[in-house]
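First comes the structure, then the notes that go with it.
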Amino acid sequence: MALASRLDDMPTSLPMSHVTPIVFIVDDDVSVRESLELLIGSVGWKPEAFASAQEFLRHPRAVAPSCLILDVNLPDLNGLDLQQRVAADRIDMPIIFITGFGDVPMTVRAMKAGAVEFLTKPFGDEVLLSAIRGALERSQTALDHEAKMRTLRERYASLSRREREVMALVVSGLLNKQVGGELGISEITVKAHRGRVMEKMEARSLPELVNMNARLGLGH
């Protein structure tokens, strides 16, 4: 099994596949909001509509696959500025821009900042639904990855100080005897600590432990 695939084997804390995806809508045009809510609801997703950026920002963060349909021109904070705020702490919420009069610089700015789509009105329902499907798939992937990383961080947090020291030296390539010399403990004690590290981290091999160490960003 490839090392990179091991993180994918970790269980997530939430059964995300059973959570109804949420499609957030921020548009100051009530007719647009209502039509989008009907379209989104018709395919089984949950629409959440807001008339302004500030109203959306006051809404609690959702722990579910989600995306944001965002108008560029809004009465308070414009769509591009809201995108910056969302991108800073909601990487699991891809953004689809909609606008009545987009231009090339605006589109380039939005896409460079991470937007998954930039649609100019009018656009077909299926065009929008296709963009939403892609965005929700990306959101699901991001949430699953974060849940697996959270599990990995929790496992590492369960290690004692000495176990972390042993882990750091083991993944750097030192043999048990060398680890013992570095820490001033016996080889037998190193083996005991190493066994507990493998058990707590749920690592089935040394290469897997090295991979976990790298994913945690611990270095050597």
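The values are calculated or read from the model by the stated rules, or taken from the named source; none is laboratory data. Fair warning: this is a prediction, and the values are worked out from it, not measured in the lab. Methodologically, a virtual Cβ is constructed for each residue, glycine included, from the backbone with ideal geometry; neighbour enumeration extends over all protein chains shown. Protein only, heavy atoms only, side chains kept; ligands, DNA and RNA dropped before computing areas. Shrake-Rupley method; radii C 1.70, N 1.55, O 1.52, S 1.80 Å.
Every condition in (1) touching a strand residue (DSSP E or B) at 6+ places or on another chain (Cβ under 7 Å); (2) touching a residue at least 60 places away in the same chain (Cβ under 8 Å) holds for D125 except the one numbered (1).
Would you confirm whether or not the stretch 82-93 contains a residue that is in a loop (DSSP other than H, G, I, E, B) and among the aliphatic types (A, V, I, L, M)? Among the residues of the stretch 82-93, at least one is in a loop (DSSP other than H, G, I, E, B) and among the aliphatic types (A, V, I, L, M), which makes the answer yes. Just one of the listed residues (A115, A131, A135, A110) is in contact (Cβ under 8 Å) with a residue 24 or more places away in the chain, farther than 16 Å from F24 by Cα and crowded, with 19+ Cβ neighbours inside 10 Å, namely A110.
Of everything in the stretch 79-98, what is surrounded by fewer than 15 Cβ atoms within 10 Å (Cβ to Cβ) and touching a residue at least 24 places away in the same chain (Cβ under 8 Å)? Give them in sequence order.
Here is the first cut: in the stretch 79-98, the ones surrounded by fewer than 15 Cβ atoms within 10 Å (Cβ to Cβ) are 81, 84-85, 88-89.
Answer for the stretch 79-98, where residues must be surrounded by fewer than 15 Cβ atoms within 10 Å (Cβ to Cβ) and touching a residue at least 24 places away in the same chain (Cβ under 8 Å): D81, Q84, R85.
Out of the residues in the stretch 87-107 that are in contact with a Phe, Trp or Tyr (Cβ under 9 Å, 6 or more places away or on another chain) and over 18 Å from D29 (Cα atoms), state the one that is modelled with the highest pLDDT. The selected residue is M93. When R150 is tested against (1) over 30 Å from I95 (Cα atoms); (2) part of a helix (DSSP H, G or I), just one condition goes unmet, and that condition is (1). The number of residues in the stretch 177-191 that are out of contact with any helix residue (DSSP H, G or I) (no Cβ under 7 Å at 6 or more places or on another chain), over 11 Å from V166 (Cα atoms) and not in a helix (DSSP H, G or I) comes to 1.
Condition (residue is surrounded by 12 or more Cβ atoms within 10 Å (Cβ to Cβ), hydrophobic (A, V, I, L, M, F, W, C) and at pLDDT 90 or above) applied to the stretch 3-22: is it met by at least one residue? Yes, the stretch 3-22 has at least one match.
Could you pull out the residue among V210, V166, V179 that is of a type in the set (V, I, T), within 29 Å of the chain's Cα centre (by Cα) and modelled with pLDDT of 95 or more? Step through it out loud before you land on a result.
Working: V166 fails: within 29 Å of the chain's Cα centre (by Cα); V179 fails: within 29 Å of the chain's Cα centre (by Cα).
It is V210.
For the stretch 183-220, the set of residues classified as open to solvent by 40 Å² or more (accessible area, probe 1.4 Å), of a type in the set (D, E, K, R) and under 25 Å from E146 (Cβ atoms) consists of E199, K200, E202, R204, R215, listed by residue number. G173 meets the stated requirement of being open to solvent by less than 60 Å² (accessible area, probe 1.4 Å) and either outside any helix (DSSP H, G or I) or among the basic types (K, R) (or both).
In this structure, L38 does satisfy being out of contact with any Asp or Glu (no Cβ under 7 Å at 6 or more places or on another chain), assigned to a helix (DSSP H, G or I), loosely packed, with under 13 Cβ neighbours inside 10 Å and modelled with pLDDT of 85 or more. Taking the stated definitions as given, is A64 more than 23 Å from A147 (Cβ to Cβ), of a type in the set (A, V, I, L, M, F, W, C), outside any strand (DSSP E or B) and touching a residue at least 12 places away in the same chain (Cβ under 8 Å)? For A64, the condition - more than 23 Å from A147 (Cβ to Cβ), of a type in the set (A, V, I, L, M, F, W, C), outside any strand (DSSP E or B) and touching a residue at least 12 places away in the same chain (Cβ under 8 Å) - is not met.
Filtering the stretch 150-170 to residues that are among the hydrophobic types (A, V, I, L, M, F, W, C) and open to solvent by less than 20 Å² (accessible area, probe 1.4 Å) leaves L152, L159, V166, M167, V170.
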